[in-house]
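Input: a single structure, listed below in structure tokens.
Each reported figure results from applying straightforward, stated rules to the coordinates on display, with no laboratory input. These numbers come from a predicted model, not from an experiment.
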């Protein structure tokens, strides 16, 4: 949430729609650093193309 500067519900929406990848450890959901980097790069590419 802090790195994306988004609220909790916005991050959960990204996870639910598959735009942001995560892993589950026990009952905790974690977002690997590379998944966050991939998400940001994909968004930048989309904005540059559009």
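The length gained by stretching the chain between residue 25 and residue 11 to full extension, at 0.36 nm per residue less their Cα-Cα distance, is 3.3 nm. Diffusion coefficient of the chain by Stokes-Einstein, Kirkwood radius over Cα pairs, 4 °C, 1.567 mPa s: 112 µm²/s.
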